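Asks: One structure follows; several queries about it will come next.
The values are calculated or read from the model by the stated rules, or taken from the named source; none is laboratory data. These figures come from a predicted structure and were not determined experimentally. Here the Cβ is made from the backbone with ideal geometry for all residues, glycine too, and neighbour counts use every protein chain on show. To get the accessible areas, we keep the full protein, side chains included, count just its heavy atoms, and leave off ligands, DNA and RNA. Shrake-Rupley method; radii C 1.70, N 1.55, O 1.52, S 1.80 Å.
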Amino acid sequence: MKVNTVRNRILLFPLQQEGHIQMRTAKLISWALFSLFLALGGLSAYAQANSEVTGIVTDQTGAVVAGAHLTLTDPATGLTKTTDSGPTGLYDIAGLNPASYNLKVTAKGFERFEQHGIQVYVSGTFRIDVKLAVGAENQTITVEADALQVQTDSNVVSTLVSAEQISEIATQNRNFAALAAMGLGVSSGLPDNNTPMAGAGGSSFTLSANGLRQSHNIWLIDGGESDDRGGAGGMALMPPQDSIAEFNMLSSNYPPDYGISSGATFSLSIKSGTQKFHGTAYEFNRNTAYDANSFMNHFNGANNPRTKLDYNVYGFNIGGPAYIPGVYNKNKDKTFFFVNEEWRNIKQGTSVNTQNTLPTADIPSASTDLKYVSPLFASVNGQKNYYGPTAGIIVPEASMVADPAYQAKLTALGLTPGQPFPNNTIPHQLFDANMVAYLNAGVLPKPSTATGQSVESVPAPIKVRDDIVRVDHKINDKWQLLAHYLHENDIDQNGQSFLGWDWSSYRTINSSEVSPSYSGAIKISGTLSPNLLVEGSVNYDSNQIAIINSKNSSTPSGWNVKSFFNNGRTTELPGMSGFGNPYGTGEQMG
């Protein structure tokens, strides 16, 4: 199963300034401009982090100031954005990544204004009104931004989870889906034990926003879609918590550039590099040895062990400037990188599986007569087993065998249809070669109890690896580039064939689910004029599922049964729909 999504779009956003309302109106682009962007790399627009700072510039009397020059700077990277206030004093700086910014405003006849520490979060609109004082331009008024700001220029109902909250709030199994459950209007159906992987058998994303189904939600990483559309909603991959800068849950009233789905929009931003190197190494360890045993495991004299559940989640990340001393990016203000590697190893106990199985003595050999042994187990599905230790085996009646050659073989061996085999012994001349091969392939486990049953317990470990790379590049003062690549590989072992999705009574044939997932995004944004922003991006989203049975599901040497269907699986053993009474078991390969 393979689901790939590639999204392409280009939008121009003229910034209209009327009254106190800032509007972004998408317009059609001429084919000439479209061709230009294709030449720049086939990029196309899409909703990205899409944060913006807006406001109005006035003097101390409240009169608007037109033509004021505004410069917004990210001191961590040196990235700058510039614009001018319009005739109504309004300004808007869009296409911002989450960061803490400094704003500088200059206008002729007014003192310079600076405001530091403007915190911009992912997918948010932040209003910063500026009041200029009359005076010399070489004089500066500096203020510090409030840590907490209310979004008054947007009616979006949203919930922000910051980087500090992501790293400090305890989440079960290091699965950040639990944080998404805190969103306004979000109802959670997440299980108590939510596996931190995004494959078909992995994490649950059962989150309903305002009563809508989970499949109505959409998940974005740096604005690029990462949604498992083939799995009823949820993420196509699960980035590590330590790689997420922040994420915002837009549950209703979001603007049209987020109109991909009718449910909530979960917008994540990956951490980025800065002018200074930074990094962490971490490990999350959960082990059964740390846990107390449950009351029921000791109830009424029982001495049952704890169910095994061990988590070992570890990794590291590093970010900083990409530079070559004296050759490239000497001032460390052009190109930045962030890399995160994480491994998740999960060991969990499996329930003990007890099933009726064929006595070892009844496994045939191609050249040896078989002395039949009646099964020993006393009951099947609560009913008495009428096969006692002295039960005999009957020669098939003529009506049961339509093959004249087989009937002639019975006559030649002196066997009477419908009567017991002499001395309960089946001549090897009656054995079918494929039947002998199947019963010796190990599909049926050997008895392990005195009553002729098998008791099996197969571990089902899970291994996950996540690779994340993000690059930010400043082309010039007007154009910036963002790119990320995410890869997750999930290997989920299962004690049954075909993940237990089909009839699988035994644990002799196992399976694994291998789910490689990928997410890639490239975004370019630029300011064509103080009031005209252009954004272009392309993102690739791929989620693949491969279900692989263990090698012992292959047909043994000498197998010559031709499959009725030519479906490319002719090298796998056929499924046995049921071995009948007194067994009541079956084994399907899926």
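Asks: Taking the stated definitions as given, is Asn356 modelled with pLDDT of 90 or more and either open to solvent by 80 Å² or more (accessible area, probe 1.4 Å) or under 49 Å from the mean Cα position of the chain (by Cα) (or both)? Step through it out loud before you land on a result.
Replies: Working: modelled with pLDDT of 90 or more: no; either open to solvent by 80 Å² or more (accessible area, probe 1.4 Å) or under 49 Å from the mean Cα position of the chain (by Cα) (or both): yes.
Criteria not met by Asn356.
Asks: Only one of these conditions is not met by Gly452: (1) over 36 Å from the mean Cα position of the chain (by Cα); (2) open to solvent by 20 Å² or more (accessible area, probe 1.4 Å); (3) over 30 Å from Asn560 (Cβ atoms). Which number is it?
Replies: (2)
Asks: Can you work out which of the residues in the range 163-180 that are buried (at least 18 other Cβ atoms within 10 Å of the Cβ) and touching a strand residue (DSSP E or B) at 6+ places or on another chain (Cβ under 9 Å) is nearest to Ser261 (Cα to Cα)?
Replies: Per the criteria, the residue is Ala180.
Asks: May I ask you to list the residues in the range 213-230 that are surrounded by fewer than 18 Cβ atoms within 10 Å (Cβ to Cβ) and assigned to a loop (DSSP other than H, G, I, E, B)?
Replies: Passing the criteria: only Arg213.
Asks: So, one more: If you take the residues of the range 535-551 that are under 22 Å from Ser515 (Cα atoms) and polar (S, T, N, Q), which of them is most open to solvent (accessible area, probe 1.4 Å)?
Replies: Across the range 535-551, the extreme among qualifying residues is Gln544.
Asks: Being within 55 Å of the chain's Cα centre (by Cα) and either open to solvent by 90 Å² or more (accessible area, probe 1.4 Å) or modelled with pLDDT of 75 or more (or both) is the filter here; which residues of the range 381-395 pass it?
Replies: Asn381, Gln383, Lys384, Tyr386, Tyr387, Pro389, Ile393
Asks: Just the residues that are in contact (Cβ under 8 Å) with a residue 12 or more places away in the chain and among the polar types (S, T, N, Q), please, taken from the range 420-448.
Replies: Asn423, Asn424, Thr425, Gln429, Asn434, Asn440, listed by residue number.
Asks: With respect to Ser515, is the statement that it is surrounded by 14 or more Cβ atoms within 10 Å (Cβ to Cβ), in a strand (DSSP E or B), modelled with pLDDT of 90 or more and not β-branched (Val, Ile, Thr) true? Even if it seems obvious, please write down each step before you answer.
Replies: Working: surrounded by 14 or more Cβ atoms within 10 Å (Cβ to Cβ): yes; in a strand (DSSP E or B): yes; modelled with pLDDT of 90 or more: no; not β-branched (Val, Ile, Thr): yes.
It is false that Ser515 is surrounded by 14 or more Cβ atoms within 10 Å (Cβ to Cβ), in a strand (DSSP E or B), modelled with pLDDT of 90 or more and not β-branched (Val, Ile, Thr).
Asks: Also, I was wondering about something else. What number of residues within the range 45-81 are of a type in the set (Gly, Ala, Ser), crowded, with 19+ Cβ neighbours inside 10 Å, in a loop (DSSP other than H, G, I, E, B) and at pLDDT 90 or above?
Replies: 1
Asks: So Asn303 fits all but one of (1) free of Cβ contacts under 8 Å to residues at least 24 places away in the same chain; (2) open to solvent by less than 40 Å² (accessible area, probe 1.4 Å); what number is the exception?
Replies: Exception for Asn303: condition (2).
Asks: When you go through Ala198, Ala245 one by one, which is the residue that is at pLDDT below 80, outside any helix (DSSP H, G or I) and open to solvent by less than 40 Å² (accessible area, probe 1.4 Å)?
Replies: Every option except Ala198 fails the conditions.
Asks: Right, here's the next one. Of all residues in the range 398-423, how many are farther than 20 Å from Lys371 by Cα and assigned to a loop (DSSP other than H, G, I, E, B)?
Replies: The total comes to 3.
Asks: Filter the range 521-534 down to the residues that are assigned to a strand (DSSP E or B) and open to solvent by 20 Å² or more (accessible area, probe 1.4 Å), then identify the one that is nearest to Trp219 (Cα to Cα). Talk me through it step by step, then tell me what you get.
Replies: So in the range 521-534, the residues assigned to a strand (DSSP E or B) come out as 521-529, 532-534.
Remaining after also requiring open to solvent by 20 Å² or more (accessible area, probe 1.4 Å): 522, 527-529, 532.
Details: Ile522: 17, Thr527: 27, Leu528: 30, Ser529: 32, Leu532: 28 Å.
So the residue we want is Ile522.
Asks: Here is a list: Glu225, Glu164. Which entry is free of Cβ contacts under 8 Å to residues at least 12 places away in the same chain and acidic (Asp, Glu)?
Replies: Going through Glu225, Glu164 in turn, the sole match is Glu164.
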